[in-house]
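Input: a single structure, listed below in structure tokens.
The values are calculated or read from the model by the stated rules, or taken from the named source; none is laboratory data. If you're wondering where the values come from, they're calculated on a predicted model, not measured in any experiment. Glycine also receives a Cβ, built like all others from the backbone with ideal geometry; neighbour counts cover every protein chain displayed. In case anyone asks, the SASA skips ligands and DNA or RNA and just uses the protein heavy atoms, side chains included. Shrake-Rupley method; radii C 1.70, N 1.55, O 1.52, S 1.80 Å.
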Amino acid sequence: MKKDTRFIPKLIAFIFLLVMAIIWVVPLAWGIVTSFKSEAEVASVGFKFLPVQWVTTNYTELLFDNAATPLLRWFMNSMIIALSQTVLVLIVVSLAAFAYSRLKFRGRNAMFVFLMATMMFPSVVNLIPLYKIIDTFGWVNNYLAAIVPGAAAVFNIFLVRQFMVNIPIEFDEAARMDGAGDFKIFHKVILPLLRPVLMVVALFTFTAAWNDFLWPSIVFNDIEMMPITPGLQLLQGMYQAQPAHLMAGALVAIVPTFILYLFAQKYFLQSMALSSGVKG
């Protein structure tokens with residue numbers, strides 16, 4: 001009788017994923033419990049995973065009692081920037097994708113190819129000219145400096161456009177026969193069908209804006225205007241000998257993206273499928 005060995009690949013995959021999960025979870029769990037320890041306990045000799053005494057002073061000092069590193073203000077700055085950029089990107093990207101997939105105008109394909117070609121250049125190349133533009137507009141230390149430059153994300157335009165070309169053109173023709181114009185077709189017919197891919201774009205944009213470090217570090221030199229990611233660099237300099245405070249600050253910074261992932265897991269999975277060229 002032939003032995004069934006089909007379970008072996010599944011077992012190997014399960015063991016591999018379990019090991020990777022442990023490697024990811026253990027440092028996170030250590031960071032969480034460390035943030036609730038006193039600095040004296042962290043500095044004491046010997047390793048203890050759980051705190052002897054749970055304290056919240058690390059969080060209260062960072063959030064409410066520290067003018068030099070206003071973590072709560074940084075948190076709100078990041079929230080304003082990330083949410084505003086997400087809304088702006090959804091508007092710009094959906095309209096651009098509609099133009100490239102549905103409207104007929106001279107040079108459309110050439111413009112789209114040129115747009116895709118810009119993805120070949122690393123974003124670091126644009127830092128100096130982009131800063132010159134921002135400085136000319138007087139946007140240094142302004143939310144607009146972090147919101148506007150990311151509005152026309154080329155990859156997101158490509159993603160939405162590729163999704164849109166698979167929507168049957170007959171929908172447009174039926175709406176046009178009823179007297180609808182281009183904008184009404186976009187608003188009433190196409191936009192509702194774009195919800196899955198636009199959710200993916202929103203997730204990409206929010207997480208990228210929230211985690212961005214380099215560009216905000218360049219355009220913000222006012223401590224009160226800084227987002228939380230470059231702010232953590234200042235936090236590290238001030239509390240380099242106080243790891244419990246650093247862990248508390250780092251955990252505050254990951255709360256929004258963690259909550260976002262918990263409530264939008266299926267869209268994260270869709271994002272991986274769509275970015276690989278597979279649509280469900």
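With a Cα cut-off of under 19 Å and a minimum spacing of 8 residues unless on different chains, the lysine pairs in the chain number 4. Scaling against 2.2 N^0.38 Å puts the C-alpha radius of gyration of segment 6-60 at 1.69. Restriction of the trypsin sites (Lys or Arg not before Pro) in segment 79-145 to DSSP coil positions whose beta-carbon has at most 16 other beta-carbons within 10 angstrom yields 104, 106. Accessible surface calculations at 1.4 Å, restricted to protein heavy atoms, place segment 1-150 at 68 Å² per residue. What separates the Cα centres of segment 224-259 and segment 113-158 is a distance of 26 Å.
Measuring with a 1.4 angstrom probe and ignoring ligands and nucleic acids, residue 193 comes out at about 70 Å² accessible. Taking all Cα pairs closer than 8 Å and separated by 6 or more residues, the relative contact order of segment 69-240 comes to 46 percent. How large is log10 of I(q)/I(0) for the chain at q = 0.09, 0.11, 0.14 Å⁻¹ when the intensity is taken from the Debye formula with one equal scatterer per alpha-carbon? The Cα Debye sum returns log10 ratios of -0.61, -0.84, -1.11. Per residue, the convex hull around the alpha carbon atoms of segment 1-149 comes to 293 Å³. Rounded to the nearest 10 degrees, what's the angle between the helix 228-238 long axis and the longest principal axis of the chain, both from Cα atoms, 0 to 90? Helix 228-238 sits roughly 20 degrees off the main axis of the chain.
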